[in-house]
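Worksheet: the structure to be examined is printed underneath.
The values are calculated or read from the model by the stated rules, or taken from the named source; none is laboratory data. Bear in mind the structure is a predicted one, so any value in this text is a computation, not a measurement. Neighbour counts are summed over all protein chains in view; Cβ atoms, including those assigned to glycine, are modelled from backbone coordinates with ideal geometry. Areas reflect the complete protein model, heavy atoms only, side chains present, ligands, DNA and RNA absent. Shrake-Rupley method; radii C 1.70, N 1.55, O 1.52, S 1.80 Å.
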Amino acid sequence: MSTPYAAPQAAPAAPGPHGGVDHRPARPVEQSTHLGHAIASEWTKIRSVRSTIWTLAVMFALVVGIGLLTALALESGPYAELPVLGGGLFGMMLGQLAIITLGVLTVTSEYSTGMIRTTMTVCPKRTRVLTAKAIVFFALTFVMTLAATSLTALIHSAMLEGKPLSPYHDLNVGADPSQAVETATATSQQWLQATVGVSLFVALLGLLSLAVGTLLRSTPGGVTTMLGLVLLPFLISLFLMTESTRELGDALREYSMLNGLSTLYHMPFEFTEDASQVNGWPLLGLLAAVTAAALIAAYARISTRDV
Amino acid sequence: MIELDRLTKRYGTTVAVDQLTCTVQPGVVTGFLGPNGAGKSTTMRMMLGLDRPTAGDVRIDGEHYDRLRDPLNHIGALLEAKAVHPGRTAYNHLTVLAQSNGIPQKRVPEVLDLVGLGSVAKKRPKGFSLGMGQRLGIASALLGDPKILMFDEPVNGLDPEGIHWIRNLMKYLASEGKTVFVSSHLMSEMALTAEHLIVIGRGRLLADTSMREFIKENSRSYVRLRTPEPERMRDVLATAGLTPVATEDGALEVDSVESDRLGELAAEHGLVLHELSPQQASLEEAFMQLTAEAVQYHAHGTGKGA
Amino acid sequence: MAHTTQVIRSEWTKATTVRATLWTLAIAFLVTVVFGVLISLLLNNTFEDLPERERLTFDPVLTSFAGMSLGQLAMIAFGILLVASEYSTGMIRASLAAVPQRGLFMTAKLLVGTLLVLVVGMVTSFVTFFLGQAVLGDLSVSIGETNVLRAVIGGGLYMTLIAVFAMGITWVLRSALLAFSILVPLFFLVTPILASIEATRDVGYWFPDQAGTAIMSVVDTGERPYGPWGGLLIMVLWTVAALVAGYVTLKKRDA
Amino acid sequence: MIEAFGLSKHYGAKTAVYNLSFQVRPGIVTGFLGPNGSGKSTTMRMILGLDEPSSGTVTIGGTSFRRHPNAARQVGALLDAKALHGGRSARNHLLCLAQLSGIPKRRVDEVLDIVGLRSVAGKRSKGFSLGMGQRLGIAAALLGDPRVLLFDEPVNGLDPEGIRWVRQLMKRLAAEGRTVFVSSHLMSEMALTAEHLIVIGRGQLLADQSVKEFIAANSADFARVRTPDTEPQLREKLTAALAEAGGRVDPEADGALRISGLPLPRISDVAHAADIRLWELSPHQASLEEAYMRMTQGAVDYASTAVPGGQPAGPGQPPHGTPPHGMPPHGTAPYAMPQGAPFGAPAAPGGGFVPQPPQPPQTGFGPPPQGPPAAAPAPVQQPTSDPEDAR
């Protein structure tokens, strides 16, 4: 070609330590891979990026920190204004935003960086990759939120249990705290919902975000959609207070994600007289169903669309 | 003209550019070479006032960059292809830059046509390929019709047609008396484009010389001979005090001699020549020689195991 | 000076040739007006149901501005995008190569950005006021009444300042994602919560958005330690501080 | 072995790739060339199962990519250097890919060594230069020790040392019996690396042949001859003698002659017979670039305006002086070769390369520069530039 004289460099470089085919390092040949490989891979992916660690740390700090502040504020009052473990809600309202962001980012960062092409060329079984992502993400966020909610619940129960119930909760009791007959306690059902229930709820919300991220492939798009999904029904319901629209407003409020979370803390938006009837599990089930539907759509999307 | 005077940049304890002193002259294409991590980009960024020198000075036509009023009329630079808002059309992108430097609006369609983007002027660069982005970058460098042009890896992403075009463009700009400063890793490209070379390694100046000199000094040059009577040729050469080396394909290679003299020798002795070609090493080879120990990320000589 | 006008003109083109920025302004306008009208409508219909205390302190002007709490998010988005897009796209290098005087560059961008949000903010404020009052019917006030004009102009200023504050913060953070994830929760969740919880109210009142809101109310509830102009001044101070920090970052750091 | 059969891809109404059939064989480096927008990337993506072909099939070792039980052990690919998360360290990036295909962890350090990134393995790739990113991408491609390798613009961003390394790496991989498929815009690199070429333009196959054949079919060789400077009349004499012998003689700027249509020994004989001494007689092969440019002219999407005073983009400008020796010679062929363009039809508006007559200078909005700086523009068409003729 054009540089015929480039003789010196035309000679191949000195053969390296491993010269040819035969010197390939002997190692067990694995014919095919399975989900376990993909899970290991996704675990490496998620833990090797600082933003994951930061986001989870922020979530943890928000939940526990705000939980502690709430407990301090509540402790100073004469009565137990909220269910004993209910104060965890405020931290988790913010904390869930971190999980949503993380859920969206887990998928969309692959698209925005181009990593997805590398991943898909290494493992063309796209559904397997998505499954592994979902499993790893769900497990990680569940464990992290469970740690945060449990710690918060312990703090609250230690600081607030035994406070007299507010007289407003029981009209028979006078204004004098000392006359209150009932003190605040947390039932085992309340414990279960405020820890495991809330953690499942938030981890599912994260999983939903992951599915939405897969569908939209855009970080701002995914986060905005999820924020809208979480906040808008409740906000809109506030504007539907007129007679004609009140029913719709109530339904929106009742089924809003914020109410789902709130109910698990035994503080549903619709005040009920009988606290024992408050049950967060149905709304959690609803979220699980929505998440499952979104995941199915995500599977369909990822396996048919060009990367 | 770009003058660097003991230009230095440190990031913490690492010295990216170390006391670099040199001048880029107008009228020729000056190539700027160095291995990865040699400090080329940092140097170019300091020239444009994007990074601040830790010490030393760089002047554009005698002025500090940030003293230039309308700098695009003095110096145009292509630093990276996609320094563009993906949502702003190519036309508007150039308009923004033109307005900031008081360049007439009609110049915008002119440069767009010049780089071959006229047909996509109203499209948003979101969908541009790397090559198109590069062309847009080149268009913005040419916008102010500056006397000094700086290109960092201009052929990146361009297709062969584009590569050919930018090569001729740079030569033309230099022939118009402009200062053209080009960095590239592609030695074969550089060899076709640049006349003068500035080579740095580990932030220091390694060479500031003409292309010809550079190749001559850093590699072997020889003449290749081919003749039906190689034995007699050897004798003739030996008598003249020259030692030819035979190559596998039957040619003779003679070091450190001009082809002119060999032609005369052959004619004198009535020798028929089937080839008499002066050979020079490639720029790549010369560059390798010079920068051998200034390379940072040394790959292993083998792709084995692979 | 000719040079300055050139740079301003260039920044003007920059701001007006990207759809995202224009959209955020349009959204700020729409959201504020629509929500303001809706809430006014709602209150007009349910006024009789309100508790006595709330009826007595009813502020028709502030009510018509209710949509601003959402609309301001779009204004913040505008401020962030205007600045952060320079960094995320790499355009900052082209810009600084064209205008190496960084102070001038920032000033021009700031002027253009401020002008745009001021105009949109004022228009939004007046439109939402008049539409809101129209809907409020008997409860409405006219622009001529005491403090009302001040509140309406204040609404425009508030929207302007919140966007400029966001610009300043973004010059420091140099990333849209960072700026969004700090400013949006801050103004959408943290300060409203702080200002509505008894224990933290005194702290919450000193945040820029909470302080700035004071200018938009006609009825002084006496809860705050400063008056309407005092509140606006606090917000201006925050904004100036953010801009100074932004300028120092721009000046000091390599692009 | 990669086999494409009748491969097509449409995006809406736009056809990116049309009815493409080819084979990439093991044991040699196969270059994949084409102008921007010719469908190279789309083809690569279809080979790798990232895009689904609209019709046709493409298989690797007889199986379509997405059906491979463990694709990474079969196929390694470098698509673009920065297709990775910037916040992850190089080692972790490779580790997660290794785990995904069940490759032992120590292989990660092996490939890091091979590409020379061991020392920065723990650093986040965000701070990597393009060249380092490229090395990391190559490391990922080598991870599974695959039999088939695809590289898209592998030398992008690499420094000269890295370029040379990649070149040798690819040759070695091919020598080991692997299938190596490389796309690149850098003709000089390709000429040094590839043995076989697949050229596409506007989504269709233009050529599938060895580099040697490709150059031979698409360009002309010539000889460069210099006579003693001291005796100018010898030059005239030689010109006449060679013309008589059937050669085509063009003067070069430094006083040398460019002769096409005669083999070197014949030139030597003619000179000898005419009693002319030669100071230089060098063979010049046309470059791959030149051959490529002639073949693909019709298929270029974003053609630049002619360089002012220079020539329309295309090979064949007279040198501005003595070119450094041994650079790809300035082709004898002008650009607007009708037969060079497989898509003879006039280019679509906004698209295709349209042969352009020399244009008035266009840079600068001041007074137009005085005339072209270099030699007069070459005629747009030269009758003798037919490749067969020149041979």
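Checking each residue in the stretch B:172-206 for being open to solvent by 10 Å² or more (accessible area, probe 1.4 Å) and either part of a strand (DSSP E or B) or not assigned by TED's automatic domain parsing to the domain that holds residue B:142 (or both) picks out B:196, B:204, B:205, B:206. Is it the case that the stretch B:119-134 has a residue that's at pLDDT 90 or above, more than 7 Å from chain D (Cβ to nearest Cβ) and part of a helix (DSSP H, G or I)? Yes: one or more hits.
Conditions (1) touching a Gly at 6+ places or on another chain (Cβ under 8 Å); (2) farther than 20 Å from residue B:201 by Cα, marked per residue:
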position: D:108; (1), (2): no, yes
position: D:123; (1), (2): no, yes
position: D:134; (1), (2): yes, yes
position: D:137; (1), (2): no, yes
position: D:141; (1), (2): yes, yes
position: D:147; (1), (2): yes, yes
position: D:150; (1), (2): yes, yes
position: D:163; (1), (2): no, no
position: D:169; (1), (2): yes, yes
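When you scan the stretch D:151-164, do you find a residue that is facing chain A (nearest Cβ under 9 Å), assigned to a strand (DSSP E or B) and under 21 Å from the mean Cα position of the chain (by Cα), even just one? No.
Between D:84, D:112, the distinction of being modelled with pLDDT under 85 and of a type outside the set (Val, Ile, Thr) belongs to D:84 only.
Taking the condition among the charged types (D, E, K, R) and at the interface with another protein chain (Cβ under 10 Å from one of its Cβ atoms), does residue B:195 pass? Against the criterion (among the charged types (D, E, K, R) and at the interface with another protein chain (Cβ under 10 Å from one of its Cβ atoms)), residue B:195 qualifies.
Inspect the stretch D:222-237 for any residue being away from chain B (no Cβ under 14 Å) and buried (at least 19 other Cβ atoms within 10 Å of the Cβ) and give the result as yes or no. Among the residues of the stretch D:222-237, not one is away from chain B (no Cβ under 14 Å) and buried (at least 19 other Cβ atoms within 10 Å of the Cβ), which makes the answer no. All of B:95, B:14, B:21 fail the test of being surrounded by fewer than 19 Cβ atoms within 10 Å (Cβ to Cβ) and either out of contact with any strand residue (DSSP E or B) (no Cβ under 9 Å at 6 or more places or on another chain) or under 17 Å from residue C:91 (Cα atoms) (or both), apart from B:14.
With respect to residue D:200, is the statement that it is closer than 19 Å to residue D:39 by Cα, of a type in the set (Val, Ile, Thr) and out of contact with any helix residue (DSSP H, G or I) (no Cβ under 6 Å at 6 or more places or on another chain) true? Write out each step before concluding.
Numbers: closer than 19 Å to residue D:39 by Cα: yes; of a type in the set (Val, Ile, Thr): yes; out of contact with any helix residue (DSSP H, G or I) (no Cβ under 6 Å at 6 or more places or on another chain): yes.
For residue D:200, the condition - closer than 19 Å to residue D:39 by Cα, of a type in the set (Val, Ile, Thr) and out of contact with any helix residue (DSSP H, G or I) (no Cβ under 6 Å at 6 or more places or on another chain) - is met.
Within the stretch B:217-260, if we keep just the residues that are touching a residue at least 12 places away in the same chain (Cβ under 8 Å), assigned to a strand (DSSP E or B) and more than 16 Å from residue B:274 (Cβ to Cβ), the residue that is least open to solvent (accessible area, probe 1.4 Å) turns out to be B:222.
When residue B:115 is tested against (1) touching a Lys or Arg at 6+ places or on another chain (Cβ under 9 Å); (2) β-branched (Val, Ile, Thr); (3) under 30 Å from residue B:291 (Cα atoms), just one condition goes unmet, and that condition is (3). Under the condition of being farther than 23 Å from residue C:171 by Cα and in contact (Cβ under 8 Å) with a residue 60 or more places away in the chain, the residues counted in the stretch C:182-197 number 1. Of the residues making up the stretch A:153-172, those that are at pLDDT below 70 and not acidic (Asp, Glu) number 6. Scanning the stretch B:135-190 for residues that are in contact with a strand residue (DSSP E or B) (Cβ under 7 Å, 6 or more places away or on another chain) and among the charged types (D, E, K, R) yields B:147, B:152, B:153, B:171, B:178.
Okay, residues lined up against (1) more than 13 Å from chain D (Cβ to nearest Cβ); (2) open to solvent by less than 10 Å² (accessible area, probe 1.4 Å):
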{"site": "A:103", "(1), (2)": "yes, yes"}
{"site": "A:112", "(1), (2)": "no, no"}
{"site": "A:123", "(1), (2)": "no, yes"}
{"site": "A:146", "(1), (2)": "yes, no"}
{"site": "A:154", "(1), (2)": "yes, no"}
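Scanning the stretch D:61-80 for residues that are more than 8 Å from chain A (Cβ to nearest Cβ), in contact with a Gly (Cβ under 8 Å, 6 or more places away or on another chain) and without any contact (Cβ under 8 Å) to a residue 40 or more places away in the chain returns a single hit, D:64. Among the residues in the stretch B:55-62, are any open to solvent by less than 50 Å² (accessible area, probe 1.4 Å) and modelled with pLDDT under 90? Yes, the stretch B:55-62 contains at least one residue that is open to solvent by less than 50 Å² (accessible area, probe 1.4 Å) and modelled with pLDDT under 90. Every condition in (1) facing another protein chain (nearest Cβ under 7 Å); (2) farther than 28 Å from residue D:121 by Cβ holds for residue D:168 except the one numbered (2). Answer yes or no: is there a residue in the stretch D:199-206 that is farther than 30 Å from residue D:31 by Cα, in contact (Cβ under 8 Å) with a residue 12 or more places away in the chain and open to solvent by 70 Å² or more (accessible area, probe 1.4 Å). So far as the stretch D:199-206 goes, no, none of its residues is farther than 30 Å from residue D:31 by Cα, in contact (Cβ under 8 Å) with a residue 12 or more places away in the chain and open to solvent by 70 Å² or more (accessible area, probe 1.4 Å). The set of residues in the stretch D:184-217 that are among the hydroxyl-bearing types (Ser, Thr, Tyr) and within 11 Å of chain B (Cβ to nearest Cβ) comprises D:184, D:188.
Here are some residues: A:39, A:46, A:53. Which one is within 14 Å of chain D (Cβ to nearest Cβ), out of contact with any Leu (no Cβ under 9 Å at 6 or more places or on another chain), in contact (Cβ under 8 Å) with a residue 12 or more places away in the chain and of a type outside the set (S, T, N, Q)? Reasoning before the result, please.
Numbers: A:46 fails: out of contact with any Leu (no Cβ under 9 Å at 6 or more places or on another chain); A:53 fails: in contact (Cβ under 8 Å) with a residue 12 or more places away in the chain.
Being within 14 Å of chain D (Cβ to nearest Cβ), out of contact with any Leu (no Cβ under 9 Å at 6 or more places or on another chain), in contact (Cβ under 8 Å) with a residue 12 or more places away in the chain and of a type outside the set (S, T, N, Q) holds for just one of A:39, A:46, A:53, which is A:39.
Here residue B:105 fulfils each of the conditions (1) free of Cβ contacts under 8 Å to residues at least 40 places away in the same chain; (2) part of a loop (DSSP other than H, G, I, E, B); (3) facing chain C (nearest Cβ under 9 Å) apart from (3). For residue A:301, the conditions (1) basic (Lys, Arg); (2) farther than 30 Å from residue D:51 by Cβ; (3) modelled with pLDDT of 85 or more are fulfilled apart from (2).
Annotation: residue C:90 fulfils all but one of (1) within 14 Å of another protein chain (Cβ to nearest Cβ); (2) in contact (Cβ under 8 Å) with a residue 12 or more places away in the chain; (3) of a type outside the set (A, V, I, L, M, F, W, C); the unmet one is (2). Residue B:113 meets the conditions (1) outside any loop (DSSP other than H, G, I, E, B); (2) in contact with a Leu (Cβ under 9 Å, 6 or more places away or on another chain) in every case but one. The failed one is (2).
Might you check whether a residue that is surrounded by 24 or more Cβ atoms within 10 Å (Cβ to Cβ) and more than 13 Å from chain B (Cβ to nearest Cβ) occurs anywhere in the stretch C:101-112? No, the conditions are met nowhere in the stretch C:101-112. Screening residue C:11 against (1) open to solvent by 20 Å² or more (accessible area, probe 1.4 Å); (2) facing chain B (nearest Cβ under 9 Å) leaves a single unmet condition, (1).
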